[in-house]
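The values are calculated or read from the model by the stated rules, or taken from the named source; none is laboratory data. Remember, it's a predicted structure, so these values are computed and weren't measured experimentally. So basically every Cβ, Gly included, is an ideal-geometry build from the backbone, and we count neighbours across all protein chains shown.
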Amino acid sequence: MLFDRKNFVPLHLAWMLGTLAAAIGAAVWYGSYIRAGRPWPGGGSVPGLVLGIVAGLIILFEFALWPRKTSFFRTARWLGKTQTWMKAHIWLGLLVLPLAALHSGMSFGGTFTSLLMWLLLIVVGSGVLGLVLQNLLPRLLIDRVPEETVASQIGEVSRQLVEDARRLVIEVCEGAEEELAPAGNAAAATGKQRVGVSRHVGTVVPRSLVPELTRPARTTAPQLVSAMRQEIETFLRSGRSSSGLFGSRTKTQQYFDDLREKNPGTVRAAIDQIESLCRRRRDLALQERLQFWLYAWLLVHLPLSVVLVVLLIGHVYFALQFG
Ligand code: HEM
């Protein structure tokens, strides 16, 4: 659910004011039961009980978003619009906190009720965090990773980047074929032009670095070959570099400046292209991280909301039994 300047007033203002009004109304009503010199009304008092029941029902409604999102109910029109559910989920979810605080008389109580309160705080907190991430990360992704790849293809694109880098090194470095024998991918290291072979998506290197006739003679560039073997290939494959060699734009540039210094001028163009392959891989690694966080928060929110509902039922049971 997106929050921005344009949609806040039409989508959320009424819900926000309604939530505020409900929280203030509940607090004023509860306050009218406070008597000087007496403890604050607890869960068994009239306002405590009523606000506790409302908070409990809201938690059940909040939890119902899970079945609502299953394929069984997703298309059920009689359940109303998904967007309305989501707005209700957000604002009623926030309302639970003041209601639960009033219900408990502003105390976490014993071990069981403390556990319940902490769980509630974590579930609501993770919900807020998820909402923030859902709003920030997709925008960050568009900004920072303009050439976003379909998530499931990142592995394939990375493999292709390794192949491209190998091909570039083999094209300009004598003897690189033997040193860069590919693991399980023989075609990539032969150095032969694969003219006419259809290419996969996502790479940035032209089919051949330099047209065959004008291509400079291959030269020995052991530094480039060993850099490829020890650092570049691992990074292109996994998106991770030992000791953070490619950890930032500046570090990547320094690494390749150093490599250009140490190698003959005839391989510079190849190094430039390998650098752009590494930049592309850095973008993909960022994409992977952002997409991970876009879903990781739900791994806290969902399971803990299940535990919350179970403990809530336990809390009601104990209250009725031993009230
Ligand atoms: C009593 C508190 C809450 C409970 C029990 C609860 C429970 C749930 C459940 C069961 C889901 C469905 C998980 C799924 O996608 O499969 C969900 C999703 C979600 N919740 Fe909550 N929630 C609570 C409060 C909140 C609050 C306060 C917020 C935000 C202010 C929030 C934000 C979200 C968001 C953004 C989703 C994902 C919806 C989507 O992307 O489709 N939740 N919650």
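Residue-wise test of (1) surrounded by 18 or more Cβ atoms within 10 Å (Cβ to Cβ); (2) not assigned by TED's automatic domain parsing to the domain that holds Tyr255.
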site: Val267; (1), (2): yes, no
site: Ala270; (1), (2): yes, no
site: Ser276; (1), (2): no, no
site: Leu284; (1), (2): yes, no
site: Glu288; (1), (2): no, no
site: Pro303; (1), (2): no, yes
site: Val307; (1), (2): no, yes
site: Val310; (1), (2): no, yes
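Is it the case, given these coordinates, that Val123 is within 20 Å of the chain's Cα centre (by Cα), more than 19 Å from Leu290 (Cα to Cα) and within 16 Å of the ligand (Cβ to nearest atom)? Yes: the conditions hold for Val123.
Could you check, for segment 274-284, whether at least one of its residues is of a type in the set (A, V, I, L, M), touching a helix residue (DSSP H, G or I) at 6+ places or on another chain (Cβ under 8 Å) and within 16 Å of the ligand (Cβ to nearest atom)? First the steps, then the outcome.
Let us first name the residues in segment 274-284 that are of a type in the set (A, V, I, L, M), namely 274, 277, 284.
Still in the running and touching a helix residue (DSSP H, G or I) at 6+ places or on another chain (Cβ under 8 Å): 274, 277, 284.
Subset that is within 16 Å of the ligand (Cβ to nearest atom): none.
Checked against the condition, which is being of a type in the set (A, V, I, L, M), touching a helix residue (DSSP H, G or I) at 6+ places or on another chain (Cβ under 8 Å) and within 16 Å of the ligand (Cβ to nearest atom), segment 274-284 yields no hits at all.
For segment 95-132, the tally of residues that are surrounded by fewer than 14 Cβ atoms within 10 Å (Cβ to Cβ), in a helix (DSSP H, G or I), touching a residue at least 12 places away in the same chain (Cβ under 8 Å) and among the aliphatic types (A, V, I, L, M) stands at 1.
Show me the helices (runs of 4 or more DSSP H) found entirely inside segment 1-94 where at least 1 residues are away from the ligand (no atom under 11 Å from the Cβ), buried (at least 16 other Cβ atoms within 10 Å of the Cβ) and of a type in the set (S, T, N, Q). It would help to see each step written out before you state the result.
Values: elements: 14-31, 46-63, 65-69, 71-74.
In segment 1-94, there are no helices (runs of 4 or more DSSP H) which contain 1 or more residues that are away from the ligand (no atom under 11 Å from the Cβ), buried (at least 16 other Cβ atoms within 10 Å of the Cβ) and of a type in the set (S, T, N, Q).
Looking at Arg139, is it charged (D, E, K, R), in the same structural domain as Thr19 (by TED's automatic domain parsing) and within 9 Å of the ligand (Cβ to nearest atom)? For Arg139, the condition - charged (D, E, K, R), in the same structural domain as Thr19 (by TED's automatic domain parsing) and within 9 Å of the ligand (Cβ to nearest atom) - is not met.
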